[in-house]
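Below: one structure, written as structure tokens.
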Amino acid sequence: MLSGLYLSRPAQRVRRAGCPEHGGSINNDNQSSSSGWFYGWIVVLVSALLGFLGTGFYSYSRGLFLPHLAETLDDGNRFSISMGFSCAVITGALIAPYLGRYLDYGSPRKVILYGVAIVSASYVMLAYVSDLVQFYFVVSVCMGLGMATMGGQVWHRSVINWFDHWRGRAISFAVMGASLSGIVMPPLVNAMIEAIDWRNAYLVFGATTALALFPAVYLFLRDRPEDIGEVRDGQQYVNDNPEEMVAIAEDSVEWSTRQMLTHRGFWAISVIFGSMFCVFAAVMLHLFSHLQDIGLNGETAALVLSMTALFAALGKPVVGWLSDFLGARVSIWLALICQGLALLSFSVAESTAAAIFAGCLYGFGYSGMSPLRTFAISSTLGSRSFGAAAGLLRFVEMPWALLASPIAGLIYDQTGSYQIAFQVLAALMLFCCLGPFFIAVGGRRERLSRKTQNTAH
């Protein structure tokens, strides 16, 4: 059992070794299923597409729309526009606990289909907004609801349903879609806005989201392996040794809300990844404008964003391997330090080369944000209540998510520069390095440590 750095787990309901929910079976051959391939990787591919056309579209494009929205709707005031995007996070956070509880037992596929419809409609409505009231309604309410129901919380649940032993890698490959979107979207969106105006660009976003994601999700996404007669990981494992049985028992825990809220690991995850998320949101919203302020033209600034996303994509397999082998702590420390140093570099960058270096370093740092959060939750609290835990975390992370982007916009409005804002964000990342001491290690290192302890006793 895990001990020392976080509280013990609540009373456990141990499942039998042959339970498909954990990929276990009485099969002495320990081989893959007879089909020779595993449908779970199709689920990963669809999840990556959701990240590419969903999260990626939204995250990497909104910064390019910021100056146009501010100029059209509020005489260039970036604080008010930033607040609208932050309020979208509040909407998502308010429904996240209920959504998470549903996802532990219900259908992620059904939720995603609703989300695709809402997001597509939101993009179309953004093309026609004429004042701040309309903008706040569309972004804060509609887009917030849509992104919550088709975002990472939902399709991460799908991936977790399909993987145990290769969970870190599966999640990392799934979230690569968002990073790949970041490579393509900044220059494409910049060119699109210059060619057809920002309003028409939003119309293209809406049509593309609907036409691409509806068929993919409806036809190919499946909620759980048992729905089509498969098991987790596509393999049948013999769980006949003590350390494996302990791992199964720990993964089978059902946590109540009270138990989560009294667990130090839960709050450590909240602080670490709530801070990462709010910093990421602020950077993606304001970095394009900051790069233009230091003298880069639109094409070069978009190139920096693309390089940032490229290194995020390249970093995800590395993070997946690190989390599966070394566990969550080392991976999280690496991510936080890289992000902190990159943000400091952004604050003093005065050339294209310096901006590209900072972008590449930041991209590698935040490449682990989404997969490490999922891995940390499932390692510390188990996968049985992952949806509930992820939803509750979204809710308690809301203050962090709300503050960073508007504060960065306010600092700019008051000083005419983002330099202080990036330095504050860097300090926050380095402070969060204290958090990993309070979460589960997870991964192969923890399994080997447990095996050694069992052998010694």
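The values are calculated or read from the model by the stated rules, or taken from the named source; none is laboratory data. What you see is a predicted model, and the numbers here were worked out from it, not measured in a lab. Backbone-built Cβ (ideal geometry, glycine too); neighbour counts: all protein chains shown.
Being at pLDDT 90 or above and of a type in the set (D, E, K, R) is a property that Arg109 has. Going by the structure shown, is Ala342 at pLDDT 85 or above, part of a helix (DSSP H, G or I) and among the hydrophobic types (A, V, I, L, M, F, W, C)? Yes; evaluated as a whole, the condition is true for this residue.
Note on segment 405-423: residues that are assigned to a loop (DSSP other than H, G, I, E, B) and within 13 Å of Val348 (Cβ to Cβ) amount to 2. State whether one or more residues within segment 94-105 are within 30 Å of Phe137 (Cα to Cα), modelled with pLDDT under 80 and part of a helix (DSSP H, G or I). No, segment 94-105 contains no residue that is within 30 Å of Phe137 (Cα to Cα), modelled with pLDDT under 80 and part of a helix (DSSP H, G or I). Checking each residue in segment 345-394 for being over 17 Å from the mean Cα position of the chain (by Cα) and either without any contact (Cβ under 8 Å) to a residue 12 or more places away in the chain or not in a helix (DSSP H, G or I) (or both) picks out Ala349, Glu350, Ser351, Ala353, Ala354, Gly382, Arg384, Ser385.
With more than 30 Å from Met83 (Cβ to Cβ) and either modelled with pLDDT under 85 or in contact with a strand residue (DSSP E or B) (Cβ under 9 Å, 6 or more places away or on another chain) (or both) as the only criterion, which of Leu322, Leu285, Leu334, Leu310 stands out?
Numbers: Leu285 fails: more than 30 Å from Met83 (Cβ to Cβ); Leu334 fails: either modelled with pLDDT under 85 or in contact with a strand residue (DSSP E or B) (Cβ under 9 Å, 6 or more places away or on another chain) (or both); Leu310 fails: either modelled with pLDDT under 85 or in contact with a strand residue (DSSP E or B) (Cβ under 9 Å, 6 or more places away or on another chain) (or both).
After applying the criteria, what remains is Leu322.
Count of segment 40-77 residues, restricted to those that are surrounded by 24 or more Cβ atoms within 10 Å (Cβ to Cβ), more than 19 Å from Ala302 (Cβ to Cβ) and polar (S, T, N, Q), is 1. Give the residues of segment 408-430 that are closer than 19 Å to Phe273 by Cβ and without any contact (Cβ under 8 Å) to a residue 40 or more places away in the chain, sorted by residue number. Matches in segment 408-430: Val424 only. Residues that are among the hydroxyl-bearing types (Ser, Thr, Tyr) and at pLDDT 80 or above were ranked within segment 345-382; the one that is surrounded by the most Cβ atoms within 10 Å (Cβ to Cβ) is Ser367. Checking every residue in segment 143-151 against the condition of being without any contact (Cβ under 8 Å) to a residue 60 or more places away in the chain and touching a Cys at 6+ places or on another chain (Cβ under 9 Å) gives at least one match.
The rows are residues; the columns are (1) at pLDDT below 90; (2) touching a His at 6+ places or on another chain (Cβ under 7 Å); (3) surrounded by fewer than 23 Cβ atoms within 10 Å (Cβ to Cβ); (4) farther than 17 Å from Tyr58 by Cβ.
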residue	(1), (2), (3), (4)
Gly168	yes, no, no, yes
Ile171	yes, yes, no, yes
Val175	yes, no, no, no
Ser181	yes, no, no, no
Met185	yes, no, no, no
Asn190	yes, no, yes, no
Ala201	no, no, no, no
Val204	no, no, yes, no
Ala212	no, no, yes, no
